[in-house]
Amino acid sequence: MVGLTTIGFDADDTLWQNEQFFRLTEQRFADLLGQHTDAGDIPARLLEAEKRNLAAYGYGIKGFTLSMIETALEMTGGATPGPVVKQILDWGRDMLSHPVETLPHVRETLEALAGDYRLVMITKGDLFDQERKLAASGLGDLFNAIEIVSEKSETTYARIFARHGDGPDRAMMVGNSVKSDIIPAIAAGSWGVLVPHDLTWAHEHAEEPAAAPRFRKIADLSGLLPLIGDLR
């Protein structure tokens, strides 16, 4: 692609599995809490708590764990048994130490691009956990820069692609979230390449910007190199 110098990659559910562990824990939480309350839709109440707490806790497992505890207390009128709280904390610790499972075609795609483009990992979430997953993935040496941010916005992408590249108009963002990876990157002037994942957190759902000239969609990362070639 003429002018492209920098490619940003989301991490969770783009480079490695993530959401499936949240879904599994959410189901366990709903099954356990359901034994102590019939106050309503437990997953819906948990999602409300997660959204409400983003400004305080940010994205990631720690905020998710605290939101489970808050939901349990709310739905039991403050009478959540101690063993339930302990189980929630144990689940959170288990998630924070879970092995990293990279997604198909990640390593070979990054290796093929690394010599020709500046690669930047751009991810939200807890700093320690994202650093842990990057180290465990073995992908760190393939990136020129790592950016762990509190939120992904048009301003975020403009700043990162100016810092690590030649500006957003000569950059591309690749990720699985339309809301966080695609729409704000395109708004900043970059290309936005959607790589859908089977599981995406409800908070990240948004309408695909199908009419945007710089929007593209591929089935998996094996399609990224051909896409870049077609755009040259």
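Values in this text are rule-based calculations from the coordinates and carry no lab data. Keep in mind it's a predicted model, so treat the numbers as computed, not measured. Quick reminder, even Gly has a Cβ in these numbers, built from the backbone with ideal geometry, and neighbours come from all protein chains shown.
Computing FRET efficiency as 1/(1 + (r/R0)^6) for GLN27 and ALA136, where r is the C-beta to C-beta distance and R0 is 22 Å, gives about 0.35. For LYS124, a cut-off of 22 angstrom between C-alpha atoms picks up these lysines, skipping any fewer than 8 places away in its own chain: LYS51, LYS62, LYS133, LYS152, LYS179, LYS217. The eigenvalues of the Cα gyration tensor, multiplied by 5 and square-rooted, give the stretch 124-232 an equivalent ellipsoid with semi-axes of 21, 17, 16 Å from largest to smallest.
Counting only whole DSSP H helices of the chain, there are none at least 24 Å long by C-alpha along their axis and with mean Kyte-Doolittle hydropathy no lower than 1.6. Using a Gaussian network model of the chain in which every pair of alpha carbons under 10 angstrom is joined by a spring, one finds that among THR76, THR25, THR65 the greatest mean-square fluctuation is at THR76. Take ASP166, project a point 7 Å from its Cα along the Cβ direction, then tell me which residues of the stretch 93-116 have their backbone nitrogen under 16 Å from it. Under 16 Å, as judged by backbone N against the label point of ASP166, lie 115-116 of the stretch 93-116. Under a Gaussian network description of the chain, with springs only between Cα atoms under 10 Å, the residue in GLN20, GLN87, GLN35 that fluctuates furthest is GLN35. Here the relative contact order of the chain, from alpha carbon pairs under 8 Å that lie six or more residues apart, stands at 26 percent.
In terms of surrounding Cβ atoms within a 10 Å radius of their Cβ, ARG118, ARG23 rank from fewest to most as ARG23, ARG118. Can you work out the FRET efficiency for the pair LEU127 and ASP230, with r the C-beta to C-beta distance and R0 = 25 Å, to the nearest 0.05? So, using R0 = 25 Å, E works out to roughly 0.10.
Dipole size of the chain about its Cα centre, with +1 on Lys/Arg Cβ and -1 on Asp/Glu Cβ: approximately 460 debye, rounded to the nearest 20. For the chain, treating each Cα as an identical point scatterer without solvent, what Debye log10 I(q)/I(0) comes out at q = 0.08, 0.10, 0.16 1/Å? Scattering profile of the chain, log10 relative to I(0): -0.32, -0.49, -1.07. Based on every Cα atom in the stretch 19-96, Rg and the maximum pairwise Cα distance Dmax equal 11.3, 30 Å.
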